[in-house]
Amino acid sequence: MPRQYPVMLYLDYLINFAVAHNQDEYDKLVEQGYTTHDKVKPEPEPVNAGNDDLLAAAYGEIEKLEDEVELLRQKLAVYESAKDANQDGVVSYDEMTSSELQALLRQRGVSFKSRDSKDALIKLAQDSE
């Protein structure tokens, strides 16, 4: 008996489907892995079924890691704003001016006196690393 069109074909599960309107479309879909309703795989159980505690723990760990990444991004921004005059990849506080050191300390949230000497600012910068 000839096939009647349109025919619905499925890929993996019932949620992934396509419609063939003629034999050519049907053949192309079958080549792509589509199949008829009677040959569709049963849908898998949701991933979190029975694993709510594990899932909650994983989300908690992800949140901690995201916080750590944000902290590292902030530290990186501070270091990128610091001066590397000789381009050796190492920031030398000695290469920075007092105003640059003060700006760096402000970024790091370190308090200082506007009259602090450059040596005092360098010490504060080193202590705040």
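The values are calculated or read from the model by the stated rules, or taken from the named source; none is laboratory data. Since the model is a prediction, treat every value here as computed from it, not as a measurement. Please note: Cβ atoms are built from the backbone with ideal geometry, for glycine as well, and neighbour counts cover all protein chains shown. Calculation scope for accessible area: heavy atoms of the full protein, side chains included, ligands and nucleic acids excluded. Shrake-Rupley method; radii C 1.70, N 1.55, O 1.52, S 1.80 Å.
Laid out as a table, the results:
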read-out: Test: residue in the stretch 84-97 that is modelled with pLDDT of 85 or more and touching a Leu at 6+ places or on another chain (Cβ under 8 Å); value: no
read-out: From E45, E100, E63, E31, residue being exposed (fewer than 11 other Cβ atoms within 10 Å of the Cβ) and at pLDDT below 85; value: E45
read-out: Filtered residues of the stretch 103-122 (kept if open to solvent by less than 40 Å² (accessible area, probe 1.4 Å) and part of a helix (DSSP H, G or I)); value: L104, L105, A120, L121, I122
read-out: Matching residues in the stretch 1-12 - criterion: being within 10 Å of T35 (Cα to Cα) and not acidic (D, E); value: M8, L9, Y10, L11
